1. Checking E104 against (1) open to solvent by 60 Å² or more (accessible area, probe 1.4 Å); (2) in the same structural domain as V58 (by the TED database), which test does it fail?
2. Hey, among A77, A13, which residue is closer than 30 Å to V102 by Cβ, modelled with pLDDT under 90 and touching a Lys or Arg at 6+ places or on another chain (Cβ under 8 Å)?
3. Which of the residues that make up the range 232-251 are of a type outside the set (D, E, K, R), in a helix (DSSP H, G or I) and exposed (fewer than 15 other Cβ atoms within 10 Å of the Cβ)?
4. If you check every pair at least six apart or on different chains, which have Cβ atoms under 9 Å apart with a residue in the range 119-137 that is among the small types (G, A, S) first and a residue that is part of a helix (DSSP H, G or I) and open to solvent by 40 Å² or more (accessible area, probe 1.4 Å) second?
5. Within the bounds of the range 159-178, is there any residue that is at pLDDT below 90, among the charged types (D, E, K, R) and in a helix (DSSP H, G or I)?
Amino acid sequence: MTGYAVATSEGAAGTLTIEIKSVNSRFLDLQFRINDELRALEPDLRAAIMAAITRGKVEARLSFGRKVAGGSQVLNASMLADLARMQAEVARHFTAAQLMSVAELLRWPGVIEEAQVGQESLQADVAALTARTVVAFVDSRQREGAALEAMLLTRIDAMDVIVKRITPLIPQVIAQFQQKAIERMQDALGLAGHGAPSTLTRQEAFERIRQEVTLYGIRIDVSEELSRLTAHLMETRHILKKGGQVGKRLDFMMQELNREANTLGAKASVKELADASMELKLLIEQMREQVQNLE
């Protein structure tokens with residue numbers, strides 16, 4: 001799921017900032033953008049995120065901006081000593097050379113360096129800020145999850161309506177099909193009139209027809225598929241209401257729903273059932289695209 005959170009913390013040495021954002025992904029993919037001086041703290045940030053979520057392409061940024069004033073900058077005494085030595089050496093060879101001014105010395109690379117920040121103090125600040133940012137990040141994902149749940153429940157309700165609409169048609173469809181099949185087979189075998197085929201008695205021919213039609217009627221009966229669809233929809237609704245990490249379980253339910261919808265379409269003997277199968281598969285596909293983003 002998508003999510004976003006950013007938090008800052010002001011300390012004596014400077015400002016810490018943590019930003020976490022995610023986009024949809026079936027798996028957990030973590031990427032970090034961290035200042036070099038804070039790179040050692042990446043494992044703690046990684047562990048905090050992995051403990052909170054299991055899906056999503058996540059990018060986490062950790063930065064530290066030092067304060068300019070307040071003694072956070074110091075002179076590099078070793079660098080100044082080296083410059084003084086080199087300047088004296090140059091003066092011996094070039095007596096007319098100008099000495100470096102204070103401003104020039106201060107602009108020399110490495111002369112001014114940042115005061116070292118206590119690593120333990122910085123680690124504690126990052127840990128506290130990480131906890132706060134992760135909570136806000138998870139909250140943002142939960143809000144999106146609630147919206148996705150509402151959408152999925154709407155699709156489940158629509159599928160329920162389809163199943164309830166076509167369920168009463170099944171006995172009627174089978175009976176009509178069997179009657180038409182019997183009539184066609186009677187005509188083909190010449191049983192509609194008075195004569196009967198020489199190899200079979202009239203009663204035997206009728207019995208053979210009934211057996212064949214009954215067997216085919218069983219093959220096109222989709223009552224079991226509709227019952228399983230109803231059960232799967234109930235279970236899907238239960239998973240959503242229960243909450244927690246539902247993504248993988250819902251992935252499995254989408255597979256089961258799609259299997260029954262495909263079987264319904266394969267067995268469809270009338271337009272109403274074929275249309276229902278297509279409607280169901282469209283709704284299932286809409287759900288599948290979103291389910292892959294759920295935690």
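1. For E104, the failing item is (2).
2. Details: A77 fails: touching a Lys or Arg at 6+ places or on another chain (Cβ under 8 Å).
Every option except A13 fails the conditions.
3. Scanning the range 232-251 gives M234, H238.
4. A127/D44
5. no
Residues checked against (1) touching a residue at least 24 places away in the same chain (Cβ under 8 Å); (2) open to solvent by less than 60 Å² (accessible area, probe 1.4 Å):
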| position | (1), (2) |
| --- | --- |
| S9 | yes, yes |
| S22 | yes, yes |
| L28 | yes, yes |
| R33 | yes, no |
| L41 | yes, yes |
| R46 | no, no |
| A52 | yes, yes |
| A60 | yes, yes |
| M86 | no, no |
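Yes/no per residue for (1) assigned to a helix (DSSP H, G or I); (2) without any contact (Cβ under 8 Å) to a residue 40 or more places away in the chain:
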{"position": "M253", "(1), (2)": "yes, yes"}
{"position": "A261", "(1), (2)": "yes, yes"}
{"position": "G265", "(1), (2)": "yes, yes"}
{"position": "L273", "(1), (2)": "yes, no"}
{"position": "E279", "(1), (2)": "yes, no"}
{"position": "L282", "(1), (2)": "yes, yes"}
{"position": "E285", "(1), (2)": "yes, yes"}
{"position": "Q290", "(1), (2)": "yes, no"}
{"position": "E295", "(1), (2)": "no, no"}
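The values are calculated or read from the model by the stated rules, or taken from the named source; none is laboratory data. Predicted model, so just to flag it, every value in this text is computed and none were measured. Reconstructed Cβ throughout: ideal geometry from the backbone, glycine too, with neighbour counts over all protein chains shown. Accessible surface areas use protein heavy atoms only, side chains included; no ligands, DNA or RNA. Shrake-Rupley method; radii C 1.70, N 1.55, O 1.52, S 1.80 Å.
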